[in-house]
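The values are calculated or read from the model by the stated rules, or taken from the named source; none is laboratory data. For clarity, every value in this text was computed on a predicted model and none was experimentally measured. In this analysis, Cβ positions are derived from the backbone assuming ideal geometry, glycine residues included, and neighbour counts consider all displayed protein chains. Each accessible area value is taken on the protein alone, full model and side chains, heavy atoms only, with ligands, DNA and RNA left out. Shrake-Rupley method; radii C 1.70, N 1.55, O 1.52, S 1.80 Å.
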Amino acid sequence: MKRIVTHLSLVATSAILATGCVPVRHNLPPEQRMMEVGPGVGGPGPGVLGGMSAPSAADLAAAAAPEAMPIAQSDTVQGSVSDGEIGLVNYMHPGAPSDSPAAAIAAPPTLQVSFRNPDGMQVRYDATGNGGFDSEPLIAPARQNFPQGGLYRVKLTNIPNREGVELYPTVELAYANPRTGAYLAHNSVPVEFTEEDFDQVLTGNFVTKVIYLPDPEFQGPALAGIDTLVSTRLDPGVDPIVEADRRGSILAIIRLGDKDVEMSGAGADSLASMMTAPIPGLPAPYAPAMTDGCGHCQTGAPSGAPMATQYGMTMSATPIGIPGPPHLPLGQPAGLQKHVMRNHTAVKMPRPSEKIRIDVRNQPGYRYPATADRIRITSQNLNP
Amino acid sequence: MSEITTLQTRLAAGLIALAFLFEGRVSGSEPADFLPRGSSRPLLRASDPPGVVGQARLTGRGPVVGYYQPVAITGPKGVRFSLPHAGNPSPSGMTVPAQRLEAGFLIGSVYRFQVTHIPGALGVELFPTVEVIDRTYPPQHLVTRYPIEIQLDDEDFQTALRGQMVTRVIYLEDPQTAIPELQNPKTNVPLEISEFQDPLAVADEYGRPVAIVRIGSLTPPSQPSLLPEFYFGYPQWAPFPHASASQNADQDEVPSELE
């Protein structure tokens, strides 16, 4: 009997301890959580007065270093200046162009032409678009930027050992493309005339020089860089333009003859410029180049703008995203009549949920003190 | 009847296959002959226009957008480097030439810097470009202590002055295949490759490419309106804190290819 009483007393004691005869702790959620309605929902919760939230790290950084000008707020950027970190100071003044190539580059794409040989030769070009050669003379070796995709006529004077000789070659500059963009962004296109070229021209021959960037398979170790094909050095019947196009990407085509275009009666159209200079000081093209290209290829921004379709080129894109090959022979209808593309990608997309049940349980739970449901007021007057 | 039809169909198919096989033997050309050698064709090459490789990296994973990757550029003894500084009131528009150029560059942007005081070509200026195509992950407080080290030698400049183009791809060595040798500015010898190889592909085999440097002989245009195109839109860059102090301290350690 005594054991039963003892056991009962122990059970009662443990029950009392387990059921809450301990100091009560009122556990409230954090203040920041109480400021919000629920997970993922901002704003103060119902019945909660606005409180003072803790300042964010960005506010502290701004208060500690107001002179610092962080230019980004992402986690990958350090906003403060300390030893071992990069101080992100925007070095561009407000009026300076931004880092967006499209916003910064408003001028037409150009490439640089260097007139190298012979030394001392003077080169003039059309700087105003009136068809003359009214530019300041460039004395070789000299450089000048030309807009891409133009046909320019230049005037060569003061050729060493050939007094009185004036020649008017044309320089056709191609557009930059993904193959030549890196080269044209770092190197100039060399235009050189040799004694042999002048001899050929003065004897009545027509010289065509094609400057091209060879493909790797046509580029030997001794020919690192660009190469030039001259019509007078090729076998008869070999077109230097076709041959250069087969070997690589054409940068410029120079055509040199002995026609004096400034002679009276030479033809008004020969001097009439079809285009004006896009920027004052830049050479004005005599005619657009007959090469296809994409304007800002050299900046690396893949252009999504549709390109002008060249004669003989397909108007539709191939599945790999580049224009298709020309239809040979040129002028014939397109050989590709149809292409079928099948999508074999395994697609298993689940249906959207029509109803979501969210069970939320916070650990520990909330416990408030019991609200008053009974009030006892005792009034006692000791000295009535 | 159906079996006869099936047999005829199989015979026709076999004859057609033989005809194709014979045709292929006679012509002697395979479609693979017109494809580049190798098992794969890379989407990106070092010969791509500046900015293409870096912009492609921005579409990948990782915190690379908006990150200023520290870069340090050094060269032979005496060579000075400077960056375009649009807010600089000086007429040149460049920063003070330094023997060690340190700055934080945005990934995907192309930065053209100036090289002066080239040995053997005094008065000549070169304007190479550097394109950061990936970032490194040093500890937070050591980001400027371990920048991407770009060491240019005199051969690069002389080759560029001859009218050729030099492409350098800086890569982070794969720790599993790295050469077990202490790398310092004097032992860090560039890997020369042939004209037929893509430096980006070769660097990708040895590690993780992080930057591309292209050196040519292009000069700034005479028209001021063309300068934004020349400098690729003046992308933002971040200077190192206490850069002047570190420059003075590091000048004695600048590698010299002429020594």
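Okay, residues lined up against (1) modelled with pLDDT under 90; (2) over 22 Å from B:V110 (Cα atoms); (3) surrounded by 14 or more Cβ atoms within 10 Å (Cβ to Cβ):
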{"site": "B:F157", "(1), (2), (3)": "no, no, yes"}
{"site": "B:D174", "(1), (2), (3)": "yes, yes, no"}
{"site": "B:L191", "(1), (2), (3)": "yes, yes, no"}
{"site": "B:I212", "(1), (2), (3)": "no, no, yes"}
{"site": "B:L218", "(1), (2), (3)": "no, no, yes"}
{"site": "B:S225", "(1), (2), (3)": "yes, no, yes"}
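Let's see how each residue does on (1) facing chain A (nearest Cβ under 9 Å); (2) farther than 23 Å from B:P190 by Cβ:
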{"position": "B:Q55", "(1), (2)": "yes, yes"}
{"position": "B:H85", "(1), (2)": "yes, yes"}
{"position": "B:P97", "(1), (2)": "no, yes"}
{"position": "B:P128", "(1), (2)": "yes, no"}
{"position": "B:L142", "(1), (2)": "yes, yes"}
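Restricting to the range A:232-256, name every residue that is assigned to a helix (DSSP H, G or I), touching a strand residue (DSSP E or B) at 6+ places or on another chain (Cβ under 9 Å) and of a type outside the set (A, V, I, L, M).
Once the filter is applied, which keeps residues that are assigned to a helix (DSSP H, G or I), touching a strand residue (DSSP E or B) at 6+ places or on another chain (Cβ under 9 Å) and of a type outside the set (A, V, I, L, M), the range A:232-256 yields A:T232, A:P240, A:E243, A:D245, A:R247.
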Residue under evaluation B:L191, criteria (1) away from chain A (no Cβ under 13 Å); (2) under 21 Å from B:P49 (Cα atoms); (3) touching a helix residue (DSSP H, G or I) at 6+ places or on another chain (Cβ under 9 Å), criterion not met: (2)
Any chance A:L173 is within 14 Å of another protein chain (Cβ to nearest Cβ), surrounded by 21 or more Cβ atoms within 10 Å (Cβ to Cβ) and under 16 Å from A:L213 (Cβ atoms): no
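I'd like the full set of residues that are under 26 Å from B:P97 (Cβ atoms), of a type in the set (D, E, K, R) and outside any loop (DSSP other than H, G, I, E, B), limited to the range B:42-84. Working first, answer last.
Residues of the range B:42-84 that are under 26 Å from B:P97 (Cβ atoms), as a first pass: B:50-51, B:54, B:68-84.
Filter once more, so that each one left must be of a type in the set (D, E, K, R): B:77, B:80.
Passing the criteria: only B:R80.
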Test set (1) open to solvent by 10 Å² or more (accessible area, probe 1.4 Å); (2) part of a loop (DSSP other than H, G, I, E, B); (3) not hydroxyl-bearing (S, T, Y) - B:L101 fails condition number: (2)
Inter-residue pairs, beta-carbon under 9 Å, first without any contact (Cβ under 8 Å) to a residue 40 or more places away in the chain and in the range A:202-216, second among the hydrophobic types (A, V, I, L, M, F, W, C) and open to solvent by 50 Å² or more (accessible area, probe 1.4 Å), 6+ apart: A:P214/A:L223; A:P216/B:F196
Test result for B:V143, assigned by TED's automatic domain parsing to the domain that holds B:Q197, of a type in the set (V, I, T) and at pLDDT 90 or above: no
Every residue from the range A:104-154 that is open to solvent by 30 Å² or more (accessible area, probe 1.4 Å) and among the acidic types (D, E): A:D119, A:D134, A:E136
Matching residues in the range B:203-220 - criterion: being under 14 Å from the mean Cα position of the chain (by Cα) and either aromatic (F, W, Y) or within 20 Å of B:D153 (Cα to Cα) (or both): B:A203, B:P209, B:V210, B:A211, B:I212, B:V213, B:R214, B:I215, B:G216
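Among the residues of the range A:144-163, write down those that are among the basic types (K, R) and under 20 Å from A:A289 (Cβ atoms). Give the steps one after another, and end with the answer.
Step one: list which residues in the range A:144-163 are among the basic types (K, R), which gives A:153, A:155, A:162.
A:R153, A:K155, listed by residue number.
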Odd one out for B:G120, checked against (1) away from chain A (no Cβ under 13 Å); (2) within 21 Å of the chain's Cα centre (by Cα); (3) not charged (D, E, K, R): (2)
Verdict on A:N117 being modelled with pLDDT under 90, under 25 Å from the mean Cα position of the chain (by Cα) and polar (S, T, N, Q): no
Options B:P70, B:P36, B:P49: the member that is touching a helix residue (DSSP H, G or I) at 6+ places or on another chain (Cβ under 6 Å) and either at pLDDT below 90 or surrounded by 19 or more Cβ atoms within 10 Å (Cβ to Cβ) (or both): B:P49
